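**Q** Before anything else, here's the structure in question.
Throughout, read-outs are computed from the coordinates displayed, never taken from laboratory work. The structure displayed is predicted, hence computed values, not measured ones. For neighbour counting, all protein chains shown are included, and Cβ atoms are generated from backbone atoms with ideal geometry for every residue, glycine included.
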Amino acid sequence: MFRAVIFDFDGVIADSEPLHFEAFRLVLADRGVEIPKARYYADYLGYSDVDCIKEMNRDFDLSLDRSGCDELLRQKGVVFDKLAAKSNIIIDGAAEFIDMLGANGIVIAVCSGSLYDEIMLALKSSGFADAFETIIAADDVSAGKPDPEGYLLALKRLNGSGEQNIAADDCVVIEDSHWGLESARGAGMHTIAITNTYSESELADYAEITVAKLCDISIDNLKKLCD
């Protein structure tokens, strides 16, 4: 039975992927590394910020120890916050879709590879800070997407009060990358791909439904996935 929607954040609710790329580009440039946009989208976009830095540290021979990676993560966050503060990054139609779910009594959550403070910055500026039952961020997990840990933790928190008994197959996940879709499938949840970041041909094999916009998804679509 359809009970909950769990959203990825970047590329689903917020058009923040370009800002993440620019923040990474700037902090890497300070270390003499130029990262092409195409490579970032192909190789790194689906990772959490923590895992992304680990991969970049290895791929670009940055030779950073644990504290160095933490410092790079901090610097990236500072740059991202400055960029986000100047932008209205909530995707058109997200507010209406969230309102529709609320009007139908559907529980909603976020499971993102971004840091919690980055997510809250965008949500507070858009008025959505209190809309979600729980928010799982990179800070909350030891393994980022495509590992299912984040989605399993989201489900655990949704059921944490003991007032709800939501099963994994009662949940629909909306994602914009194959990493996220693999994570949701690994958690036993239903999947919808949205083509804000990658094309339908790149995502269709990983999702039960592929859409161009959130407004293309109806309550009936969601219920049918969970029947």
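**Q** How far is helix 116-126 tilted off the main Cα axis of the chain, in degrees rounded to 10, range 0 to 90?
**A** Its long axis makes an angle of about 60 degrees.
**Q** For helix 149-158, report the angle its Cα long axis makes with the longest principal axis of the Cα atoms of the chain; keep it between 0 and 90° and round to the nearest 10°.
**A** 40
**Q** Taking neighbour Cβ counts within 10 Å as the exposure measure, how do Ile219, Ile35 sort from fewest upward?
**A** Ile219, Ile35
**Q** Moving to a separate point now. Any idea how far apart Arg157 and Ala143 come out in nm if each label point goes 7 Å out from Cα toward Cβ?
**A** It is 1.9 nm.
**Q** Please give the residues of the stretch 53-90, grouped as numeric ranges, whose backbone N is less than 11 Å from a label point set 7 Å along the Cα-to-Cβ vector of Asp30.
**A** Under 11 Å, as judged by backbone N against the label point of Asp30, lie 71-80 of the stretch 53-90.
**Q** Using the crude model of +1 on Lys and Arg Cβ and -1 on Asp and Glu Cβ, and no other charge, please compute the dipole size for the chain relative to its Cα centre, in debye to 20.
**A** Here the chain has a charge dipole of around 260 debye.
**Q** Contour minus end-to-end for Met100 and Cys215, with contour as 0.36 nm per residue of separation and end-to-end as the Cα-Cα distance?
**A** Extending this stretch completely gives an extra 40.4 nm.
**Q** Would you mind ranking Glu96, Glu182 by Cβ crowding within 10 Å, fewest neighbours first?
**A** With the fewest neighbours first, Glu96, Glu182 line up as Glu96, Glu182.
**Q** Any of Lys86/Lys224; Lys124/Lys213; Lys76/Lys224; Lys37/Lys82; Lys54/Lys213; Lys145/Lys213 with alpha carbons more than 29 Å apart? Name them for me.
**A** Lys86/Lys224; Lys76/Lys224; Lys54/Lys213, as the Cα separations exceed 29 Å there.
**Q** Going by amide H atoms built from the backbone, whose H comes under 5 Å of the H on Thr134, apart from near neighbours?
**A** Those lying under 5 Å, H to H, from Thr134 are Val110.
**Q** Taking amide hydrogens as modeled 1.01 Å from N in the peptide plane, which residues meet the under 5 Å criterion relative to Ala14, leaving out close sequence neighbours?
**A** Ile91
**Q** In whole Å, what are the extents of the stretch 17-85 along the principal axes defined by its C-alpha atoms, from largest to smallest?
**A** For the stretch 17-85, the Cα spread along each principal axis is 30, 24, 22 Å.
**Q** At 7 Å along the Cα-to-beta-carbon direction for both Met120 and Ala38, put a label point, then send me their distance in nm to one decimal.
**A** 4.0
**Q** Once both axes come from the Cα atoms, what is the angle between helix 49-59 and the longest principal axis of the chain, in degrees from 0 to 90, rounded to 10?
**A** Value to nearest ten degrees: 40.
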